[in-house]
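The values are calculated or read from the model by the stated rules, or taken from the named source; none is laboratory data. Since the structure is predicted, the reported quantities are computational estimates derived from the model, not experimental observations. Every residue, glycine among them, receives a Cβ derived from its backbone with ideal geometry; neighbour counts consider all protein chains shown. Only protein heavy atoms, including side chains, enter the accessible area calculation; ligands, DNA and RNA are left aside. Shrake-Rupley method; radii C 1.70, N 1.55, O 1.52, S 1.80 Å.
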Amino acid sequence: MWWQRAWYRVGVHPVLWLLWPLQALYRYIAHRRRQQFLQHSPESIAVPVVVVGNITVGGAGKTPTVIALVEWLQAQGYRPGVIARGYGGSGPFPHQVTASTPATMVGDEPRLIVLRTGVTMVVDPNRKRAAEKLLSIDPNISIIVSDDGLQHYNLARDIEIVVVDGERHLGNHQLLPLGPLRELTKRLLEVDFVVQNGGDEGALEPLVTDVYRFELITQEWRRVSDGQPIAKIPEGHVIAIAGIANPDRFFATLSHLGQAVSGHHAFADHHPFVLADFDAWHAADAILMTEKDAVKCQSFAPDHWYYLPVAAQFKPSFWLHFQRRVEAVSAVRSQ
């Protein structure tokens, strides 16, 4: 948490300058990997591949973006499949994700995506192997969406989408470990789409001017134990927890909704929740969490735990340009 705050403050924290030699080494390695990809493109996958990623460490809104893309593709008559690394999962890999697969095996975000969309999905740190496994499971898949993997250059891709947090932006604009950047900011000029999660219009200017902004729209509260919607959060001693990259975003959302809470408690991103983590709040009238946290707590959650789903809402202009890009790629593949 300290590193995240230091990276996303205005200017470079004085302590971080001690890491400049490591940043120089990271920059050299990242540049070399990128050049190898450009000079020796990997073998194409049998169907178009859309990579959704970011150039910063930490949550920016990739998973809601992936869900929105999958749902749009399904509505347009495509048969999408999804691949991901499976961060936090134990495997074995490659591993197909189903609604009954524990998050401990495949990671929290993959399980969330499958529960929301019903899409066929495979996780594997080797994205190319994940894509091949996915197509062997379902040969009718017409397009693959990769959740993360922008820097996973052994995976051929046809469309690249970078998600940027509209509130935290690109932090101090320094590469790891001096800052949150995985690649230089000029990478934004090389991708097909830059999408911005909330924040002000023009927040990324003058780095990039063609940005598609989206909002995370809150949906109705649901019970963690069974996913059923509820009419109202009980009053009394209410605790909010978040094990995501930017927990302050969730806590700010609760405040915006007018939801009174007795306390906020942040855990590390992808925290592997167990029942003992909640011992201090056994007397709470309600515990509130994100959907990402809920998929890890469902098996042991009592009835007074609730989660708040969100959905990425894009403007029609984004879908129009995305449709044109998908159609163009598909036309080339069919020749």
(message) How large are Rg and Dmax for the stretch 212-272 when calculated on the C-alpha trace, in angstrom?
(response) 12.8, 40
(request) Obtain the nm distance between the two label points defined at Asp303 and Tyr212 by a simple spin-label model: each point lies 7 Å from its Cα along the Cα-to-C-beta direction. (result) 4.3 nm
(request) Please report, in whole Å, how far the alpha carbons of the stretch 1-150 spread along each principal axis, starting with the longest. (result) 52, 36, 32
(message) Just to verify a number: what accessible area does Thr185 come out at with the full protein assembly present, 1.4 Å probe, Å² rounded to tens?
(response) 30 Å²
(request) Let me have the 222 nm mean residue ellipticity of the chain computed from DSSP H runs of 4+ only, each contributing -39500 (n - 2.57), with the sum over all residues rounded to the nearest 500. (result) -9000 deg cm²/dmol
(message) If you count only protein heavy atoms and use a 1.4 Å probe, how large is the accessible surface of Lys186, to the nearest 10 Å²?
(response) 120 Å²
(request) Rank these residues by their accessible area, most exposed first, probe 1.4 Å: Ser334, Ser142. (result) Ser334, Ser142
(request) Just order 51-63, 319-331, 172-184 by mean Cβ neighbour count inside 10 Å, highest at the front, would you? (result) 51-63, 172-184, 319-331
(request) Would you tell me the accessible area of Arg32, worked out with a 1.4 angstrom probe on the heavy atoms of the protein chains, in Å² to the nearest 10? (result) 130 Å²
(message) For a distance above 20 Å, tell me the whole-number percent of Cα pairs in the stretch 202-308 that qualify.
(response) 41 percent
